[in-house]
Structure formats: structure tokens, C-alpha cells
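The values are calculated or read from the model by the stated rules, or taken from the named source; none is laboratory data. Predicted model only: the values in this text are computed from it and were never measured. Don't worry about glycine lacking a Cβ; one is built from the backbone with ideal geometry, like all the others, and counts go over all protein chains shown. With ligands, DNA and RNA removed, areas are computed over all heavy atoms of the protein, side chains included. Shrake-Rupley method; radii C 1.70, N 1.55, O 1.52, S 1.80 Å.
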Amino acid sequence: MHQPCANGAPPPVHLNGDAIARNGDLPPPGPRMGQTDQEIVRLIGQHLVSIGLERSAALLMEESGLHLEHPAAATFRQHVLAGDWVKADHDLRALHDLLRDSPNVDPHNLAEMKFVVLEQKYLEHLEAGRVLDALHVLRNELTPLQHDTPRVHRLSALMMCADAAELHARAAWPGAGPRSRAAVLARVQAVLPPALMMAPGRLRALLAQAAAQQAARCRFHAAPRPAPPPPAALGAAPPPADHHIPFTLLADHQCSADNFPIHSLQVLNEHCDEVWYCKWSPDGTKLASGSKDNTVMIWDFDPAAKRLSFRKSLEGHTYGVSYLAWSPDGRYLIAAGPENCPDLWIWNMETEQLHQKMTQSQEDSLTAVAWHAGSDKFVCGGGSGQFYHCGLDGVVINSWDGVRVNALACRADGRTVLAADTHHRVRAYDFSDLTDRNLIQEEHAVMAMTLNANDTLLLLNVANQGVHLWDIRARALVRRFRGLSQGHFTIHACFGGAHQDFIASGSEDNKVYIWHINGEEPIAVITGHTRCVNAVAWNPVHHDIIVSASDDYSLRLWGPRDPRDPRDPRDPRDPRDPRP
């Protein structure tokens, strides 16, 4: 590949941030620039080459007097991508000579550079059927390095492969070509100073990092954050335009509140009594709502129209429905009642029929439920001292006596269950070996609990306190969110947004509060309900949609502002909203 250079002059070598003249090299021509400006020019030049503007890159390098890479690195790249391993080995020796005097380069890394090149050479010989050549590389080049002997033994075993397909499978190697050779370059670049050889797509990667940071700081960014571009060899086709940065780079990113779920889209009044709970299915296509009217209502969500439509009413619950839990695979829904309700209803959501009604004892009070990740087991409990580990058929596998439970959550390990008990604690229980330990101690009763998708943060609704965020790895209180009204009613909060950067909660003052996870003050306070808001559910797939359930007998759907709505976008929110 053509490598833009300035008048054929050798480049300056910068190792560890120091400009060092080697072998009598003269300072580069062109305007004098600081190191940062030089690196910016090189980044721009590399990007121009990656999008096919090689003449523009050559002119930039000529005028600046800089090089994209050291000539030894440039020729090494060219020979690796061409599969010319004799010349690549010669280039590698030149790079070693440049690096030996650098105190921050580990000799082990120099051996690793040599090893990965010879490894690729060996595999390409084997793939092409040149067994003797491969054996020569193994015996006379790889083995004398005395580097990573177990890896050499694994490579030697590949000599027995019957064909190329078996070689690819056993070596987890895609075969000779641009992909595997680019991987060799990437592994060499991992130990080379960037002044000698820049990682491919470096400018794109830096911009993606900056964009991700801006998105993370944006108070209304609920969509997925930009991801870094996939690695690509220099000169390879670049990723599609705007592949990883979905917003302009020409100004600092800030989402409009018009796209945030604080605008009233729909009011659903089909329940005929207080609505105690609501929960989206894992795929975000259905909503389940539970009410004091003894029904569970299932709703279909249309993401294009951003509307909910009534689908079915699941009836027969005799105590009201105060909690709902979808299985992680979305096939089952468990409905639990309020205090003193001894029954659980397990609904098959594929047939929309009752799968099992579970009643262990009429003395039970089963108000809390949580599924294990495999969707084949769940735990349940309540304030009367029952704590059961159950199979999908409702049969109790194991139990823990005397644990009075207000809320439950299952961790990702498939074993640990978190239980908020009536002693203001959250304890971790392992039903496999019947061990338990204290995790969190609050000063007041924990009324509800939610675990985030990464299994690292726990959201607690605490009586007379509000919403608390805990880091369960550090067992540390991260944040107390302010603003909402929480007495002794059971109010449910939730995580929301593509990266769960937001917290939403109901409140006894009839409002919905939303916070960014990094701040204690609400970023939005939504009004519309006329009585206590018991639960808020953020759609796990469509991140601009939330639903709230209230004692005013209604569900409310909140989403982005409808462009056809002439109202001021602040209308649905509280006048105390701190957003400027």
C-alpha cells in the first residue's frame, strides 16, 4: 500500500513521548508544531488514507513534513498484508532494533511480536499443504524462541489436521487472507509505541470515545450510546458512514427533551379499581397490569404508533394483584396478591391460559416473586415468614423458615437470591447450600427492590426515605434520590434507558419522578395522575417509552413528544422541573 511520505525523508522517531533523532536523522521540514499538533495531523492523514483520499494524505504529509508511521513499520504492514513473511521478518528485526533502547518496552513483548508473525507463517504453510515448510518454521524458528512453549505444543498438534477446514476449526483461525493478517498487525500494534505504528482507525476510535462520553453525560440520552468501530487494517474499506456515531460531531451532543418519555401519549382506564403494578414483557411488546379489581390485563404495544391496545384480561385472582413477574424468556407470568394472599397464579403467556395456581398453605402470605435466569425456577415469599424456592409446576423445591420478605430479586449466577426483609435488611440467600449473609442494612423498611441488568446495582424504595441506589459488589450506598414522596405505601421504581442510566419512580404525591443515575435531583417530574402513582415501568427495548400505574384507576403511557401536538412540551411536567 502506498504510504504518504515527505520527500522520501526518514521520519522522526517518538518513543514514550520523546523526540529522538536516530542515525543522524535531520529534523523534519515544514512548520514547527508541538507533539499534539503533529499527532492530530497524523491522525487526519491516516483517516484520509482509510477513506481512499491517498493523494490528499500525501499532500498533507508533504506540507507538514511528517510521516504516518515509521518507514520500517510501514513496510512491515505492507509485507504482512501481502503475506510476504521473509520480508516481514526482516522488517520486524528493524523494528526490534528501534525498540531495544526504549526502557519501557518489555523484552517479552518483542518475543511475542516475533512469535505471532511466525505463527501466521506456520499456519499459512499448513493450510496450503506445505507441510515440510511448516515443519521447518516450527522446528527452526518458533521453537528456538523459547517463548510460550504450551502454545508451540498446540501448534505442533495441528500438523495432524486432515484438511484446511479441520485446521481452521482446531486453531480457531479464519485462514490466510486480509482478516487473519490484519489480526497479526493488531497483535503487533498492541506492543508497539503508537509513534511507530498507529492502530488502524484511530481517529474514528477517538471520536467514538468522545461521542460515548458526551452521550453518557447527556441528561436525556436514553438511546444506545455510540460503540467504537470494529478494528480494520489500514487501507481496508472503512465502516459505513455514521456507523457508530449516530449524531453530528460538529457540536456538543445534547438530546432534546422532546424525545424523552415525559410526554403524555395515552391514558388507559379499563381497570375499575386501583392499579397496583405494571410490567413490560422482556421483549417490550406486551404490558401486564395488576389491579385491586382482581384482574391482570395484557396490552399489546405498537412501537410505530406508540400506542397500547387491550389484548386480554386474566381473571380469577381473588385478592387483587399487587405484583407481576415475567419469566426472562417471556413465556410465563406470575401474579401475586397483597398481604395475606396465600396464592400465586402462574400464567402461560403463549396460550394465555392458567398454567398453575400455587397454594402451599392458607396461612401463607405470598406477595413477592422473582425468577431465576433460566426461567425454570422462581422464589416467592411474604411478610408472614414464608420463603419458597419453586419449580415451574409450583412444587416447592426448598424453603427457608421464618424469613419475612417484602421484596425479592434473583442474581445472574442462578443461585443467589436477594431478599428485603422486615428487619430493614437485604440479605443474600443461596438455596443450593442453604447459606445466607447480610448485604445491606437500611434504617427504615424496604418496600420494593429492583436489580439492574448488569447485576451490580440495587434500587430500593425505602419507607419515609425515598429511592436509594446501592452498589451490591461494594455493599455501599451510591445515591439517595430526592424529590419524591414516599411514606409506607409500596411504591415501585425501575431502571431505564438503553444502558439503564435513568431511574423512574412513582410517588405518593401523584407524580412520576425521573433521575439520571449520576444525579440526586430529578431531571423531570411528570404530572397527570390524580392519586398515588404505585409503579413505573420503562420499556426494555423501546427506550423512549414508560408506563405508570396509579390509584386513580388508570395507566398512563409516556413517550416522546408528538410533533402534531401544539402544546408546549413542558405541559405534562411539574413546574418545579429543574431542567432549564
Where a residue in the stretch 544-557 is without any contact (Cβ under 8 Å) to a residue 60 or more places away in the chain and part of a strand (DSSP E or B) and its partner, wherever it lies, is surrounded by 24 or more Cβ atoms within 10 Å (Cβ to Cβ) and among the small types (Gly, Ala, Ser), with Cβ under 6 Å and at least six apart
none
Can you tell me which condition Gly466 does not meet? The list is (1) modelled with pLDDT of 95 or more; (2) closer than 15 Å to His492 by Cβ, and all the others hold.
(1)
Can you confirm whether the stretch 348-365 contains a residue that is among the charged types (D, E, K, R), in contact with a Lys or Arg (Cβ under 8 Å, 6 or more places away or on another chain) and open to solvent by 10 Å² or more (accessible area, probe 1.4 Å)?
yes
Among the residues of the stretch 541-552, write down those that are farther than 16 Å from Tyr277 by Cβ and open to solvent by 10 Å² or more (accessible area, probe 1.4 Å).
Val541, His542, His543, Asp544
Kindly indicate which of His79, His67 is open to solvent by 30 Å² or more (accessible area, probe 1.4 Å) and modelled with pLDDT of 85 or more.
His79
Mind listing whichever residues of the stretch 110-136 are small (Gly, Ala, Ser) and farther than 14 Å from Asp148 by Cβ?
Ala128, Gly129, Ala134
For Asn518, state whether it is among the polar types (S, T, N, Q), open to solvent by 30 Å² or more (accessible area, probe 1.4 Å) and modelled with pLDDT of 95 or more.
no
Please give the number of the condition Gly487 fails out of (1) surrounded by 14 or more Cβ atoms within 10 Å (Cβ to Cβ); (2) more than 22 Å from the chain's Cα centre (by Cα).
(1)
Within the stretch 382-395, residues open to solvent by 40 Å² or more (accessible area, probe 1.4 Å) and of a type outside the set (A, V, I, L, M, F, W, C) come out as Ser384, Asp393
Can you tell me how many residues in the stretch 502-511 are open to solvent by 20 Å² or more (accessible area, probe 1.4 Å) and in contact (Cβ under 8 Å) with a residue 40 or more places away in the chain?
2
Can you tell me which residue in the stretch 366-380 is surrounded by the fewest Cβ atoms within 10 Å (Cβ to Cβ), limited to those that are within 21 Å of Lys292 (Cβ to Cβ) and in contact with a Phe, Trp or Tyr (Cβ under 7 Å, 6 or more places away or on another chain)?
Val369
Could you give every pair whose Cβ atoms fall below 7 Å, whose first residue belongs to the stretch 46-63 and is more than 18 Å from Gln78 (Cα to Cα), and whose second residue is β-branched (Val, Ile, Thr) and open to solvent by 70 Å² or more (accessible area, probe 1.4 Å), counting only separations of at least 6 or pairs across chains?
Leu60/Ile44
Answer with yes or no whether Arg531 is open to solvent by 40 Å² or more (accessible area, probe 1.4 Å) and modelled with pLDDT of 95 or more.
yes
Residue pairs meeting the criteria (Cβ under 8 Å; at least 6 apart or on separate chains; first of a type outside the set (Phe, Trp, Tyr), in the stretch 266-281; second open to solvent by 50 Å² or more (accessible area, probe 1.4 Å) and in a strand (DSSP E or B))
Gln266/Arg307; Leu268/Phe310; Glu270/Phe310
Can Gln146 be described as under 23 Å from the mean Cα position of the chain (by Cα) and open to solvent by 40 Å² or more (accessible area, probe 1.4 Å)?
no
Report the residue count in the stretch 167-217 for those that are small (Gly, Ala, Ser), under 24 Å from Val49 (Cα atoms) and not in a loop (DSSP other than H, G, I, E, B).
8
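Each row is one residue, and each column tells you yes or no for (1) open to solvent by 20 Å² or more (accessible area, probe 1.4 Å); (2) assigned to a loop (DSSP other than H, G, I, E, B); (3) at pLDDT below 95.
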| position | (1), (2), (3) |
| --- | --- |
| Val105 | yes, yes, yes |
| His108 | yes, no, yes |
| Gln120 | no, no, yes |
| Leu126 | yes, no, yes |
| Arg139 | yes, no, yes |
Can you tell which of Ala537, Ala498, Ala476 is open to solvent by less than 10 Å² (accessible area, probe 1.4 Å) and under 24 Å from the mean Cα position of the chain (by Cα)?
Ala537
If we keep just the residues of the stretch 553-566 that are surrounded by fewer than 19 Cβ atoms within 10 Å (Cβ to Cβ) and touching a strand residue (DSSP E or B) at 6+ places or on another chain (Cβ under 9 Å), which is modelled with the highest pLDDT?
Asp562
Residue that is open to solvent by less than 40 Å² (accessible area, probe 1.4 Å), part of a loop (DSSP other than H, G, I, E, B) and farther than 30 Å from Asp551 by Cα, where the choices are Asp455, Asp433, Asp413:
Asp455
Please enumerate the residues belonging to the stretch 396-410 that are within 14 Å of Phe431 (Cβ to Cβ), at pLDDT below 95 and open to solvent by 20 Å² or more (accessible area, probe 1.4 Å).
Val396, Ile397, Asn398, Ser399, Trp400, Asp401
Return the residues of the stretch 278-326 that are open to solvent by 20 Å² or more (accessible area, probe 1.4 Å) and closer than 20 Å to Phe378 by Cβ; say none if nothing qualifies.
Lys279, Pro282, Asp283, Lys286, Gly316, Tyr319, Ser322, Tyr323, Trp326
